[in-house]
Amino acid sequence: NIGGNINVINEKIDLPDGVDDYFKEHKLTPKKEIFGLFKKPVPLYREGRVMGYNKTKKHVILPNEGVYSDFIKENSIYHEYGHALDDAYNLKDNSDFKVAFQKLRDKYSANNYDLLRTLDSRLKEIKSSKSNEYNYDEITPIADILMSINIRAGWGHSIDYMSPLGRQEAEFIARAFENRFNENKTFKELAGDLHNDVISISNLLIEIIKK
């Protein structure tokens, strides 16, 4: 496992409806630990080219049509189930998470946003160059994490989408879980320190869930 072993709430981990079929269809091996963190299973439905978590109906939606890279196929399921965990445990309003996330924001705003500006410029340089050196599908999640830290940096969502109270925190949490369960080698290469911070906070979130 990317972040180590997890003592999950459910001793026996059964995959929610639709999840096993999704992994088999895409020839992927599920990291079952994330699904064991739920007290109540969250089913997976397939619809068009939709990717999301339905907070009202309490289910995840992923595409049943369209062409996506293997990375996106795997990353998206952990991302959306990250949103589901946030909803189930109200993680973005947890005081311990808030302290850790603010510490990260402070780190990337120090010295006139030096760390943030440097990484943001590097990612945008790679994006504009259209180089084949990096997997673009692995670049966008890093940029989205930057946007969750500072709405004027990165890309991945519109400013309007990110503006409501708690939206940046929610996106960060989903990105934290996706990185916890699906290795992003480009993230580790280009921004190893931030990657480690994200994994550290994902581990904190799991500790919060287990309390």
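The values are calculated or read from the model by the stated rules, or taken from the named source; none is laboratory data. Quick caveat: nothing in here was measured; it's all calculated off a predicted structure. Counting neighbours? That spans all protein chains shown, and the Cβs are built from the backbone with ideal geometry, glycine included. Each accessible area value is taken on the protein alone, full model and side chains, heavy atoms only, with ligands, DNA and RNA left out. Shrake-Rupley method; radii C 1.70, N 1.55, O 1.52, S 1.80 Å.
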Just the residues that are out of contact with any Gly (no Cβ under 6 Å at 6 or more places or on another chain), of a type outside the set (F, W, Y), open to solvent by 20 Å² or more (accessible area, probe 1.4 Å) and under 19 Å from F181 (Cβ atoms), please, taken from the stretch 27-58. K27, L28, T29, P30, K31, K32, E33, K39, P41, M51
Of all residues being free of Cβ contacts under 8 Å to residues at least 24 places away in the same chain and among the hydrophobic types (A, V, I, L, M, F, W, C) in the stretch 162-186, which is most open to solvent (accessible area, probe 1.4 Å)? Just the residue, please. L165
Condition met for N203 (closer than 16 Å to D86 by Cβ and open to solvent by 30 Å² or more (accessible area, probe 1.4 Å)): yes
In this structure, is L62 in contact with a Ser or Thr (Cβ under 9 Å, 6 or more places away or on another chain), touching a residue at least 24 places away in the same chain (Cβ under 8 Å) and surrounded by 15 or more Cβ atoms within 10 Å (Cβ to Cβ)? yes
The condition from (1) surrounded by fewer than 15 Cβ atoms within 10 Å (Cβ to Cβ); (2) modelled with pLDDT of 95 or more that L104 misses is numbered (1)
If we keep just the residues of the stretch 117-150 that are more than 20 Å from N179 (Cα to Cα) and among the β-branched types (V, I, T), which is most open to solvent (accessible area, probe 1.4 Å)? T118
So in the stretch 90-99, with the set limited to residues that are in a helix (DSSP H, G or I) and more than 16 Å from the chain's Cα centre (by Cα), which one is surrounded by the fewest Cβ atoms within 10 Å (Cβ to Cβ)? S95
Determine whether the stretch 92-102 contains at least one residue that is in contact with a Pro (Cβ under 7 Å, 6 or more places away or on another chain) and farther than 21 Å from H157 by Cβ. no
Scan of the stretch 52-71 for residues that are among the aliphatic types (A, V, I, L, M) and modelled with pLDDT of 95 or more, ordered by number: V60, I61, L62
